[in-house]
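Asks: Here you go, one structure.
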Amino acid sequence: MRCPKCPGTLEQKTYGRKITVNRCSDCGGLWCKPEVLLEMKREWMSEAVLDSGDPKVGQALNKLDDIKCPECGIDMDKTMDEKQFHIWYETCSNCGGIYLDAGEFTDLKYDTFMDRIRGLVKGRRPSA
Ligand SMILES: [Zn+2]
Ligand SMILES: [Zn+2]
């Protein structure tokens, strides 16, 4: 498949038994299905292996939001993450595919992880 944001090619990458994503050979953007994204969030170190693109390239390409789904060829919708409002990614209303710029998955996952730690610390703090 062709990358929707640059002239690169989406190459299939696997991690563990359940995760298969498509990563652009040029810009490092990731394209996957929502159920795979959930698995990626659960899997330890998946971001280091899968989200290996340059976040600077991803940031520049994040401004490019008029893209078409690499699988269906229809316009993708710009979606704001429900927990982290600074993260925007593209979703396909037809196949459910998600496109994340390089570095975006790390951002998504890292903050979720940090939030959990903050939650734990807060929960253990004795009340004054
Ligand atoms: Zn690309
Ligand atoms: Zn699609």
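The values are calculated or read from the model by the stated rules, or taken from the named source; none is laboratory data. No experiment lies behind these values; they were computed from the predicted model shown. Cβ coordinates were reconstructed from backbone atoms using ideal geometry, including for glycine residues, and neighbour counts include every protein chain displayed.
Asks: SER25 versus (1) within 16 Å of ligand 1 (Cβ to nearest atom); (2) surrounded by 18 or more Cβ atoms within 10 Å (Cβ to Cβ); (3) not aliphatic (A, V, I, L, M): which is the lone unmet condition?
Replies: (2)
Asks: Let me confirm something: among ASP26, ASP65, which residue is part of a loop (DSSP other than H, G, I, E, B), touching a Pro at 6+ places or on another chain (Cβ under 8 Å) and of a type in the set (D, E, K, R)?
Replies: Result: ASP26 is the single residue among ASP26, ASP65 that is part of a loop (DSSP other than H, G, I, E, B), touching a Pro at 6+ places or on another chain (Cβ under 8 Å) and of a type in the set (D, E, K, R).
Asks: Also, quick follow-up: Within region 82-98, can one find any residue that is modelled with pLDDT of 95 or more, among the acidic types (Asp, Glu) and within 16 Å of ligand 2 (Cβ to nearest atom)?
Replies: Within region 82-98 (the criterion being modelled with pLDDT of 95 or more, among the acidic types (Asp, Glu) and within 16 Å of ligand 2 (Cβ to nearest atom)), the answer is yes, since at least one residue qualifies.
Asks: Filter region 28-45 down to the residues that are within 16 Å of ligand 1 (Cβ to nearest atom), touching a Ser or Thr at 6+ places or on another chain (Cβ under 9 Å) and not hydrophobic (A, V, I, L, M, F, W, C) and list them by number.
Replies: GLY28 - this is the single residue of region 28-45 that is within 16 Å of ligand 1 (Cβ to nearest atom), touching a Ser or Thr at 6+ places or on another chain (Cβ under 9 Å) and not hydrophobic (A, V, I, L, M, F, W, C).
Listed here are the residues, each with its yes/no results for (1) farther than 19 Å from GLY103 by Cβ; (2) part of a loop (DSSP other than H, G, I, E, B).
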site	(1), (2)
LYS13	no, no
ARG17	yes, yes
TRP31	no, no
LYS41	no, no
VAL49	no, no
GLY53	no, yes
VAL57	no, no
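Asks: Which of the residues belonging to region 57-93 are basic (Lys, Arg) and either over 17 Å from PHE105 (Cβ atoms) or in contact with a helix residue (DSSP H, G or I) (Cβ under 9 Å, 6 or more places away or on another chain) (or both)?
Replies: LYS63, LYS68, LYS83
Asks: Still on this structure, I have one more. Among the residues in region 51-61, are any of a type outside the set (Asp, Glu) and in contact with a Phe, Trp or Tyr (Cβ under 8 Å, 6 or more places away or on another chain)?
Replies: So far as region 51-61 goes, no, none of its residues is of a type outside the set (Asp, Glu) and in contact with a Phe, Trp or Tyr (Cβ under 8 Å, 6 or more places away or on another chain).
Asks: For region 80-118, give me the residue count where each residue is outside any helix (DSSP H, G or I) and farther than 14 Å from TRP31 by Cβ.
Replies: Qualifying residue count, region 80-118: 11.
For every residue, the table says whether it meets (1) within 16 Å of ligand 1 (Cβ to nearest atom); (2) within 14 Å of the chain's Cα centre (by Cα); (3) closer than 23 Å to SER52 by Cα.
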residue: CYS69; (1), (2), (3): yes, no, yes
residue: LYS78; (1), (2), (3): no, yes, yes
residue: ASP101; (1), (2), (3): yes, yes, yes
residue: ASP107; (1), (2), (3): no, yes, yes
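Asks: OK, next. Mind listing whichever residues of region 71-90 are without any contact (Cβ under 8 Å) to a residue 24 or more places away in the chain and of a type outside the set (A, V, I, L, M)?
Replies: Within region 71-90, GLY73, ASP75, ASP77, LYS78, THR79, GLU82, PHE85, HIS86, TYR89 meet the criteria.
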